[in-house]
Amino acid sequence: MAGAITVCRKELADHLGSKRYIVLFALILVLSTLSAYQGAEYIKDNPQAGFIAVFSGARFGFSFTSLMVFFGPIIGLSLGFDAINKERTSGSLSMLLSQPIYRDSVINGKFLAGTAALSLLTVTTIGIMSGVAMSILGFGPTLDDASRIILFTLLTILYLAFWLALGLLYSTVTKKTSTSILMSVATWLFFSIVIAIIAALVANLLVPITMPRDTSGGNIAKILRSPEFRELLRRRFSIQMNIQRVSPAYLYNEAGASILGISGGRLGFIGPGGGRPFKSLELIEGLTASWPQITAIAAGLVICFVASYVLFLRLEIRPGG
Amino acid sequence: MPEPIIETYELTKYYGNVKAVDHLNLTVYEGEIFGFLGPNGAGKTTTLLMLMGLTVPTSGTATVGGYDIIKESREVRRIAGMLPEGAGYYEDLTARQNLDYIGQLNDIPESEREKRIDELLEAVGLTKWANTKVEKFSRGMKQRLGIAEVLIKKPKIAFFDEPTIGLDPQGTKEVRDLMTQLNKEHGLTIFLSSHLLYEVQQTCHRVGIIRGGRLVAADTIENLSKNIAEKGRMVIEFKLTEIRSDLIRELEAINGVTHIKRGEDNRLYVYMESDRSREVSETITKHGSIILLMKPKEHSLEEIFLKYYEREA
Ligand SMILES: Nc1ncnc2c1ncn2[C@@H]1O[C@H](COP(=O)(O)OP(=O)(O)OP(=O)(O)O)[C@@H](O)[C@H]1O
Ligand SMILES: [Mg+2]
């Protein structure tokens with residue numbers, strides 16, 4: 001354990017000083033502060049919205065959650081994708097493992113350090129957002145709001161740690177960082193863009209939109225308002241949603257909405273789907289509603305970490321490859 | 001009587017069908033510099049990695065400093081240090097930071113750590129570069145940093161895997177001198193893997209020769225050389241004042257002499273199956289020639305080791 005703490009301290013210092021981390025941190029901080037500012041302005045106009053609206057992005061649809069949906073994978077993966085293979089090729093790993101530590105201290109320490117760096121990023125960002133909002137609004141969160149914010153912070157850390165664990169897995173299974181960075185980018189693109197396209201395609205195949213031929217008399221608007229057509233759209237939407245649930249980002253989005261007490265669909269990155277910020281779910285209800293998603297993300301994290309742990313312990317350590 | 005400090009028992013490592021190390025039995029004694037010689041791919045690195053617990057043996061085991069390399073591999077790493085083949089460092093960190101990290105991993109308290117780092121940087125000649133990032137280091141400087149990293153734990157045993165590879169003559173000499181000095185002054189047992197014969201001859205008390213994963217010999221260089229000489233033929237080089245053809249004929253008639261070769265400058269090389277140097281020199285004097293020089297032709301190191309490498313091929 002002592003070994004893991006030493007490794008963790010060194011890795012954390014590396015992260016905090018790395019350009020990669022600093023750039024991503026700054027980016028998230030600037031965008032989040034901006035969204036908090038907008039959120040606070042919205043709350044000023046709509047006092048019934050409540051403090052929580054700071055995080056839900058209000059009418060701009062540009063929220064902390066949507067930022068994390070989009071940037072979360074890249075933040076987590078970027079802290080993990082070269083954790084093992086870089087040291088393997090450089091030869092520092094064989095030097096490290098010649099020290100009196102257990103081999104798992106290395107991977108535990110690296111995972112801990114990554115999680116700590118991600119927690120710092122999350123807590124700082126959410127803290128600053130709350131501070132900005134409070135100074136604009138002149139009032140703070142209620143106890144209920146505060147509990148939601150804390151739970152939401154934990155959810156975000158869990159979600160980012162999942163991506164970190166996936167990156168760690170990539171760095172364990174590949175020998176070259178150029179391969180693992182490629183895998184990371186592919187993963188990011190897949191979950192943030194490709195999966196939505198696939199979902200739409202599948203929905204289109206399964207439930208094609210058929211326009212009745214004999215619309216000579218009736219107008220389009222009437223058809224669009226018809227119950228059959230609405231049912232069609234509902235089915236398509238549910239297919240798309242279920243496919244997108246493969247994506248941890250989507251799960252995070254859903255869980256986040258439930259915890260923050262915002263109902264009403266997904267919070268898109270940008271666009272009108274930004275979610276009406278009315279509190280519909282009580283705290284406990286929200287937590288219960290988000291439980292399946294939270295469990296799924298946690299399971300994904302555990303699977304990725306255990307896989308990289310086991311692989312790392314069996315790794316043939318030879319300098320240079 | 002020196003105590004054994006490293007003992008391997010039928011130590012074996014297979015990579016698929018490749019026998020990297022094949023039932024190796026080896027003993028290294030406390031306080032010696034042991035040279036581990038062998039051609040490329042002989043299994044030197046694999047042996048070292050197994051002894052330090054970086055690779056798990058397929059079968060067999062070993063003890064290092066009394067600790068079992070499988071069950072107590074962490075204890076082994078506490079008392080033994082290794083400079084692996086192709087060792088690397090944290091390029092973003094300075095020499096001092098690199099050393100400090102290794103020191104922390106060895107649970108050396110901070111004040112003690114700082115003291116040792118200063119001493120070691122001095123010993124390997126990196127004091128001036130203490131606060132320079134390792135990415136700016138030359139190969140030789142990195143190698144010296146590596147040696148410092150091995151020594152920071154004050155090991156009883158140090159494993160060096162081809163430590164002078166890629167170093168210039170000056171750097172090579174420095175590394176060798178440092179090894180000899182550590183051995184003499186601190187009684188450090190050194191296990192040196194190398195295929196540089198001269199290096200081994202200069203520094204090692206005893207050598208083990210490994211080929212195809214098997215130990216073919218383990219002894220002092222002197223004894224190894226003698227063994228080869230006894231098994232092969234003996235050659236004596238003479239330099240005479242004059243050589244007449246009937247002398248050569250008469251020498252060839254001596255029982256045990258196989259043949260004679262003439263060299264330039266009135267030299268003669270006498271090949272014999274057993275030591276006939278007495279008869280040979282008597283015959284020469286009888287013929288009125290004076291012996292200016294007479295010495296057994298030595299087997300070069302290369303010859304000796306090639307013989308061992310080739311054996312049971
Ligand atoms: N990861 C691996 N997978 C398969 N075979 C391997 C692996 N590592 C080493 N070998 C094989 O094991 C044998 C011993 O290799 P080893 O590196 O121990 O030799 P060496 O004596 O250190 O050689 P060199 O002088 O070139 O450093 C070689 O035949 C090599 O091909
Ligand atoms: Mg080798």
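Local charge for A:Trp163 was computed over the other residues whose Cβ lies under 15 Å away, with Lys and Arg +1 and Asp and Glu -1, and equals +1.
Among B:Ser193, B:Ser281, B:Ser59, the residue with the largest mean-square fluctuation in a Gaussian network model of chain B, with springs joining Cα atoms closer than 10 Å, is B:Ser281. With protein chains left intact and a 1.4 Å probe, residues in the protein assembly as shown average 46 Å² of accessible area per residue. Remark: accessible surface ordering of B:Arg262, A:Arg236 (largest first) is B:Arg262, A:Arg236, probe radius 1.4 Å. Under the classification rounded if a/c is under 1.5, otherwise prolate if a/b is larger than b/c and oblate if not, where does chain A fall, given a ≥ b ≥ c as square roots of the Cα gyration tensor eigenvalues? It comes out oblate by the Cα gyration axes. Per-residue surface analysis assigns A:Ser105 an accessible area of about 10 Å², computed on protein heavy atoms at 1.4 Å probe radius.
Bridge orientation summary for the protein assembly as shown: considering DSSP beta bridges with both residues in this region, about 70 percent are antiparallel. Taking Cα atoms only, the orientation of helix A:64-80 departs from the longest principal axis of chain A by about 20 degrees.
Our estimate of slack between A:Ala186 and A:Leu311, defined as 0.36 nm per intervening residue step minus the Cα-Cα distance, is 42.8 nm. Placing dummy labels 7 Å off each Cα toward the beta-carbon, the span from A:Ala196 to B:Glu310 is 7.3 nm.
Each Lys or Arg adds one and each Asp or Glu takes one away; over the other residues whose Cβ falls under 10 Å from the Cβ of B:Arg267, this sums to 0. With a Förster radius of 60 Å applied to the C-beta separation of B:Arg74 and A:Ile136, the computed FRET efficiency comes to 0.60. Seen from B:Gly140, the other residues with C-beta closer than 11 Å to its C-beta sum to a net charge of +1, counting Lys and Arg as +1 and Asp and Glu as -1. In chain B, the DSSP beta bridges split such that about 70 percent are antiparallel, to the nearest 5. Based on alpha-carbon centroids, what's the gap between the range A:105-132 and the range A:11-58 in Å, whole number please? A separation of 15 Å, based on Cα centres. Taking B:Tyr29, B:Tyr309, B:Tyr9 and ordering them by how much accessible surface each has at a 1.4 Å probe, largest first, produces B:Tyr9, B:Tyr29, B:Tyr309.
These residues, A:Trp291, B:Trp129, go from largest to smallest accessible area, 1.4 Å probe, as A:Trp291, B:Trp129. Within chain B, which whole H helices from DSSP have a Cα span along their axis of at least 24 Å and a mean Kyte-Doolittle hydropathy of 1.0 or more, if any? Helices meeting the criterion: none. For chain B, a/c is not less than 1.5, where a ≥ b ≥ c are the root eigenvalues of the C-alpha gyration tensor, and a/b tops b/c. That puts it in the prolate class. For chain A, the longest piece that avoids every one of the GluC sites (Glu not before Pro) found in DSSP loops with at most 15 other C-beta atoms within 10 Å covers A:1-281.
Which of the three applies to the protein assembly as shown, rounded, prolate or oblate, going by the alpha-carbon gyration tensor with a ≥ b ≥ c and a/c under 1.5 meaning rounded? Prolate shape, in that a/c is at least 1.5 and a/b is the bigger ratio.
The values are calculated or read from the model by the stated rules, or taken from the named source; none is laboratory data. The model shown is predicted, which means the values in this text are computed figures rather than measured ones. Note: ideal-geometry Cβ built from the backbone for every residue, glycine included; neighbour counts use all protein chains shown. Ligands, DNA and RNA are stripped out before the accessible areas are found, and what is left, the full protein with its side chains, is counted by its heavy atoms. Shrake-Rupley method; radii C 1.70, N 1.55, O 1.52, S 1.80 Å.
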